[in-house]
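Colleague: What follows is a single structure, and I will ask about it in a moment.
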Amino acid sequence: MKEKIYRQLFALLAFASVLFLVGISITLFVEGLPVFMEVGVFDFLFGKLWYPTSDPPDFGILPLIMATVWVTGGALVIGIVLGVGSAIYIHEMAGRTQRAILKPTVEILAAIPSIVYGFFGMVLVAPFLQRLLDIPVGLCAFTGSLVLGIMTVPTICSISEDALSYVPHSFREASLAVGANRWQTLTQVVIPAAGSGISTAIILGMSRAVGETMTVLMVCGGAAMVPTSFFQPVRPMTAAIAAEMGEAVVGGLHFHALFAIGLILFFITLLFNVVAEMVSRRFRLKLGLAG
Amino acid sequence: MKEIAKKILSTVVASGLLLSCLMVAMTSSPADAGGNRLTITGSTTVLPIAQRAAEDFMEKHAEINISVQGGGSGVGIASLIDGTCDIADASRPIKDKELERAVARGIDPKANVVAMDGIALIVNTGNSLQSLTKAQVKAIYTGKVSDWSAVGGGSGQIVVVSRDSASGTFEAFGELALDKERVRPDALMQASNQAVATTVAKTPGAIGYVGLGYLTPDVRSLVIDGVMPTKETVLTGEYGLARPLFMYTNGKPTGYTKNFIDFVLSEEGQKIVEEVGYVGLK
């Protein structure tokens, strides 16, 4: 009897997440839909002008989508190099002492609030890059990518490291036994075997970068135009929602447009997560861990 | 095993209780919480005045509890309409749409002017330019001019910095300086006065605008149409880019709301206004 109650209680708790997800999806759809009706799907997604508070307003989110794509793309390059690189070093090459220092340090990076990253980017990195590269303004897509890239390092590094540790010892031993040296074993056996795990890490890092808000709001400059260079100010989707939601008249077209942006972001991150799940499943099958 | 289950269960129950307490706390609106609570929400421009005034007011009236929040003029007025705040700070007059919604909800927003604010154009301290005309400001911000040499400065690209389209300062600037024309799409949009000042201070070719309260030694303000933005020129109306700051109430203020507004308008309150960088009404 008692056991049954516990069972149901915990089932309820577990299904709460489903409830939240359904609730969020419905809200996004219901609140976002009016803008597709009124502005039109094509004009909304591919319009080049974002002037939500002008009279008459323009609701074209192409500049915002492209800003997110550019900034995330740049962040990914930096995140992959730093994240996968440090995972390989920590797992394959570092001695015990170094690992004891490096691992917690990378994890602490994840614990820093994003507003601190934003402040750091705005006050230190942006002016520094502006002087160093002699560009008109430091708050631009490049600075955003740089700071965001650093923020994805903990995600990419720790999941990549897990992937490396899942590679069975027999693989390495077999490789060394046939005469491959450590470098050959690493690049031709271990990394390919951990490949899908590392891909999962990268996709999850990407999904973190796409959804990051406070940092991009502070360091990207916020100009709503389709970027043609990494050194122009841009306005990613999350930044637009965060900056404008406060003043959008509840129930107005601008309000609905911000929800529609949220809906599109939701689809993007959902896609990333589904792909990550598929890739990691394939990875487990490959190593015979699926059971 | 049983012990663990018991522990988990009690944790769940405890957190459930805590959650329901929180829910109750969140759902009860301040208006219902007795007359000893005053909630002020709205414009971040008015926030420093409301914050300091609330602190001083509470020191004198220990029985009252005032909570002050930012969020922007729109948020403040929306909360006033929803009945979740007693005073809505605003750096712009209420919009027709908002007024319609208020009337539909039986709310009667009343404007109380508490201070004047001037919007100053600021440039980097390394910039040699001293003054602009209003027409030049408009040309820069709407995108007709992109190089400092076209407005009498040295050569170099103008980096245009603006407040976010959601802020009251942006709207006031749009009306006072741009005749409601659109800001150029490549302008940097910053989320706060502070962020505008920081960006301009760190970027040699930048121009930005902030409330007079946010002028710092790190940036230099420009003379506009021959008038320096100062307290005197704002109050006399000589300086063109100035606006009143409001505290909206539902109907004529009564009770503690009235006491608080009276305090802000008193000599002591207006001294706070001056101290946080705005222009007092007297």
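Colleague: So which residues in segment A:47-68 are out of contact with any strand residue (DSSP E or B) (no Cβ under 8 Å at 6 or more places or on another chain) and under 13 Å from residue A:264 (Cα atoms)?
Modeller: Passing the criteria: A:62, A:65, A:68.
Colleague: I would also like to ask the following. Quick one: residue B:120 ticks every box in (1) more than 14 Å from every other protein chain (Cβ to nearest Cβ); (2) in a helix (DSSP H, G or I) except a single one, so which number is it?
Modeller: Checking residue B:120 against (1) more than 14 Å from every other protein chain (Cβ to nearest Cβ); (2) in a helix (DSSP H, G or I), the one that fails is (2).
Colleague: Right, residue B:237: touching a residue at least 12 places away in the same chain (Cβ under 8 Å), on the phi > 0 side of the Ramachandran plot and part of a loop (DSSP other than H, G, I, E, B) or not?
Modeller: no
Colleague: Another question, if that's okay. One residue is enough: does segment B:90-97 have a residue meeting the conditions crowded, with 23+ Cβ neighbours inside 10 Å and within 14 Å of another protein chain (Cβ to nearest Cβ)?
Modeller: Yes, segment B:90-97 contains a residue that is crowded, with 23+ Cβ neighbours inside 10 Å and within 14 Å of another protein chain (Cβ to nearest Cβ).
Colleague: Scan segment A:13-21 and tell me whether some residue there is of a type in the set (Ser, Thr, Tyr) and either surrounded by 16 or more Cβ atoms within 10 Å (Cβ to Cβ) or within 13 Å of chain B (Cβ to nearest Cβ) (or both).
Modeller: no
Colleague: Quick check on my filter: what residues within segment A:239-255 are in contact with a strand residue (DSSP E or B) (Cβ under 9 Å, 6 or more places away or on another chain), crowded, with 22+ Cβ neighbours inside 10 Å and under 19 Å from residue A:45 (Cα atoms)?
Modeller: Those that are in contact with a strand residue (DSSP E or B) (Cβ under 9 Å, 6 or more places away or on another chain), crowded, with 22+ Cβ neighbours inside 10 Å and under 19 Å from residue A:45 (Cα atoms): A:239, A:240.
Colleague: Could you check segment B:186-216 and list, in sequence order, the residues that are touching a residue at least 24 places away in the same chain (Cβ under 8 Å) and either assigned to a loop (DSSP other than H, G, I, E, B) or not assigned by TED's automatic domain parsing to the domain that holds residue B:122 (or both)?
Modeller: B:186, B:187, B:191, B:192, B:203, B:204, B:205, B:215
Colleague: Output the residues belonging to segment B:129-168 that are of a type in the set (Gly, Ala, Ser), in contact with a helix residue (DSSP H, G or I) (Cβ under 9 Å, 6 or more places away or on another chain) and touching a residue at least 24 places away in the same chain (Cβ under 8 Å).
Modeller: If the condition is that a residue be of a type in the set (Gly, Ala, Ser), in contact with a helix residue (DSSP H, G or I) (Cβ under 9 Å, 6 or more places away or on another chain) and touching a residue at least 24 places away in the same chain (Cβ under 8 Å), then B:154, B:156, B:162, B:165, B:166, B:167, B:168 are the ones that fit.
Colleague: Here is a follow-up. Go through (1) in contact with an Asp or Glu (Cβ under 8 Å, 6 or more places away or on another chain); (2) assigned to a loop (DSSP other than H, G, I, E, B) for residue B:244 and report which single condition fails.
Modeller: (2)
Colleague: Determine if segment A:150-159 includes at least one residue that is of a type in the set (Gly, Ala, Ser) and buried (at least 24 other Cβ atoms within 10 Å of the Cβ).
Modeller: The answer is no, given that none of the residues of segment A:150-159 is of a type in the set (Gly, Ala, Ser) and buried (at least 24 other Cβ atoms within 10 Å of the Cβ).
Colleague: Could you check segment B:142-159 and list, in sequence order, the residues that are touching an Asp or Glu at 6+ places or on another chain (Cβ under 7 Å) and either among the hydroxyl-bearing types (Ser, Thr, Tyr) or within 24 Å of residue B:175 (Cα to Cα) (or both)?
Modeller: B:142, B:155, B:158
Colleague: Kindly provide the set of residues from segment A:1-54 that are part of a helix (DSSP H, G or I), under 30 Å from residue B:186 (Cα atoms) and among the aromatic types (Phe, Trp, Tyr), ordered by number.
Modeller: Answer for segment A:1-54, where residues must be part of a helix (DSSP H, G or I), under 30 Å from residue B:186 (Cα atoms) and among the aromatic types (Phe, Trp, Tyr): A:36, A:42, A:44, A:46.
Colleague: Among the residues of segment B:155-181 satisfying the criterion of being modelled with pLDDT of 90 or more and assigned to a loop (DSSP other than H, G, I, E, B), which is farthest from the chain's Cα centre (by Cα)?
Modeller: Step by step, filter segment B:155-181, then rank; the result is B:158.
Colleague: Quickly run through segment A:227-258 and pick out the residues that are within 9 Å of chain B (Cβ to nearest Cβ) and part of a loop (DSSP other than H, G, I, E, B).
Modeller: Within segment A:227-258, A:232, A:233, A:235, A:245, A:246, A:247, A:248, A:249, A:250, A:251, A:252 qualify.
Colleague: Sticking with this structure for a sec: Please specify each residue of segment A:101-122 satisfying the condition of being out of contact with any Pro (no Cβ under 8 Å at 6 or more places or on another chain) and surrounded by 13 or more Cβ atoms within 10 Å (Cβ to Cβ).
Modeller: Across segment A:101-122, the qualifying residues are A:102, A:103, A:112, A:114, A:115, A:117, A:118, A:119, A:120, A:121, A:122.
Colleague: Cβ-Cβ distance below 7 Å, separation of 6 or more or different chains: which pairs start in segment A:127-153 with a residue that is more than 13 Å from every other protein chain (Cβ to nearest Cβ) and end on one that is in a loop (DSSP other than H, G, I, E, B)?
Modeller: That search, which allows pairs on different chains as well, returns A:142/A:230; A:142/A:231; A:148/A:212; A:151/A:212.
The values are calculated or read from the model by the stated rules, or taken from the named source; none is laboratory data. Everything quoted here is computed from the prediction, not taken from an experiment. Counting neighbours? That spans all protein chains shown, and the Cβs are built from the backbone with ideal geometry, glycine included.
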